[in-house]
1. Can you give me the ranges of the helices (runs of 4 or more DSSP H) entirely in the stretch 391-460 with at least 2 residues that are at negative phi, among the hydrophobic types (A, V, I, L, M, F, W, C) and within 16 Å of the ligand (Cβ to nearest atom)?
2. Please work out if residue 174 is modelled with pLDDT of 90 or more and closer than 29 Å to residue 25 by Cα.
3. Which of the residues spanning the stretch 78-136 are charged (D, E, K, R), more than 24 Å from residue 5 (Cα to Cα), free of Cβ contacts under 8 Å to residues at least 24 places away in the same chain and not in a loop (DSSP other than H, G, I, E, B)?
4. Checking the condition part of a loop (DSSP other than H, G, I, E, B) and either among the aliphatic types (A, V, I, L, M) or within 20 Å of residue 42 (Cα to Cα) (or both), which residue from 185, 153 passes?
5. Filter the stretch 355-381 down to residues that are assigned to a loop (DSSP other than H, G, I, E, B) and modelled with pLDDT of 95 or more and give me whichever is surrounded by the fewest Cβ atoms within 10 Å (Cβ to Cβ).
6. If you scan the stretch 353-390, which residues turn out to be more than 8 Å from the ligand (Cβ to nearest atom) and under 13 Å from residue 283 (Cα atoms)?
7. Can you name every residue in the stretch 441-464 that is surrounded by fewer than 19 Cβ atoms within 10 Å (Cβ to Cβ) and within 12 Å of residue 216 (Cβ to Cβ)?
8. Out of all the residues in the stretch 22-39, which are of a type in the set (Gly, Ala, Ser) and within 16 Å of residue 69 (Cα to Cα)?
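The values are calculated or read from the model by the stated rules, or taken from the named source; none is laboratory data. From a predicted model like this one, the values you see are computed outputs, not experimental measurements. All Cβ positions, glycine included, derive from the backbone under ideal geometry; neighbour counts span all protein chains shown.
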Amino acid sequence: MVTTKTHAVLLASPGVGHLTPTVELGKRLTTHHGFDVTIFVVMATTDSSDTIKSSLLQQTSNINGLNIIVTPPVDVSDKIDPSDSPLSARIILTMIESLPFIRSEILSMKFPPSVLIVDIFGTTALPMARDLDMSTYVFITSNAWFSAVFMYLPLITNEAFSIHVNNHEPLLIPGCEPVRFEDTLFDSPWGPTHDGFVNNAKNILSVDGILMNTWQDLEPVATKAVTDKEILGRFAKGPVYPVGPLVRTVEPEEKRESENENLILDWLDRQPAESVIFLSFGSGGTLSEVQTRELAYGLELSQQRFVWVVRRPSEDDACAAFFDETKGGGGSTVLDYLPEGFLSRTKEVGICIPGWAPQSEILKHPATGGFVTHCGWNSVLESILSGVPMVTWPLYAEQKMNATLLSEELGVAVRATVAEGGVVFREQIAKQIRRVMVDEEGIAMRIKVKEYKVSGEKALSLFGSSHESLSKMAKECQVRNA
Ligand code: UDP
């Protein structure tokens, strides 16, 4: 087949937080940069959040040149003990198990793809891509600071690592803010998990290019560090491109998915502008029973209007709902965990939604004025692009670094402090919510976050920094393909 187009295959690892930015990248590559794109949506049998998945897939169904293939769901539960292995290991294993299907689909394509783009959990697909003579890219669906840590990982000596982990000294990253031990990704001694991270980082450094879901003006210092061939950029084989902020776009005319969605948005329509605090802990975040009750009391104390996505509590796993909707997911019995009388006392000022809510739509709604978030990077970007300041409540993965970035560097959030025993108490919750919603400093945060919203939109516009980055990447692919 004779064509001047580039055909790229994108692999989205399990989890809405990985799928959403991958789909948005696919959309931009087709609509702005002339690519044909096939996205493989890798499914685990226990994968949750079907609503958002079907809405994402629906949104892409009429985009010319964008094709979605959902892989047969894979069950890794007999190969890995979920109670004894990190979330990342389960995601990576699901990717590995899906590879034979992906390979055979690629081999049967009439227009053979020349580019493979994977997220950081999909690097086991890179040898296949090289074998098939494809260019290789990794899309880090997070920010430049996190990318910097990952890129530097293979260079961190055992000594520096042990000083960080054992003496709780900050981890020094060239050209970037150091990572405090409290925010670290590595809170356990050197072991198989750490080795796995290092190997993955080496794979990422070996690709033809790295894309990150951030933009130059949001993180000028860390972006310089990772792109500059004199700083961290020298460890990467190919260029590093900031191409964000890529978030799910909310179409005003989009059909509302469910009764729940109507109920929330109709309720928001009746509230004053910027008067509602939204609380949600991502696609997998879960709190303990004590914490859930404390949060309810904290909300009452704050005296603010609210929309709260309530999950079934989980005692020892902060991301219990990520792979398993039955743990921490929806269902009306979830609300039974709330303190007695809470729902009736707050029925005039707030709503509790079991399990899942249309987050992008809620954040975009003019009545929403603040967001209590677990700081998953998609949630962060959705909040910034809606001009909504945050209360950060990080739970897992790189979320503590994200919280620090938001509160200390960007000045668009305040941080909920965890007391000894791992609980954020009600007074603390009320205080941080009021700082964002009521206090003078909340006004300054609101102004700042709206400036970043404008700068993010500018980055994506024609000749904007992220648009230019993706154009360069596209040209590179064409040249290599020619
Ligand atoms: N999300 C949603 N409704 C919910 C919870 C989450 O629509 O009730 C979406 C949210 O808008 C975001 C994604 O799920 O796009 C979660 O991604 P993020 O990176 O914030 O966190 P993760 O779930 O990957 O930890």
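1. Per the criteria, 399-404.
2. Criteria met by residue 174.
3. Result: 84, 97.
4. Within the list 185, 153, the selection yields 185.
5. Among them, the one singled out is 366.
6. 354
7. Hits for the stretch 441-464 are 455, 458, 464.
8. If the condition is that a residue be of a type in the set (Gly, Ala, Ser) and within 16 Å of residue 69 (Cα to Cα), then 26 is the only one that fits.
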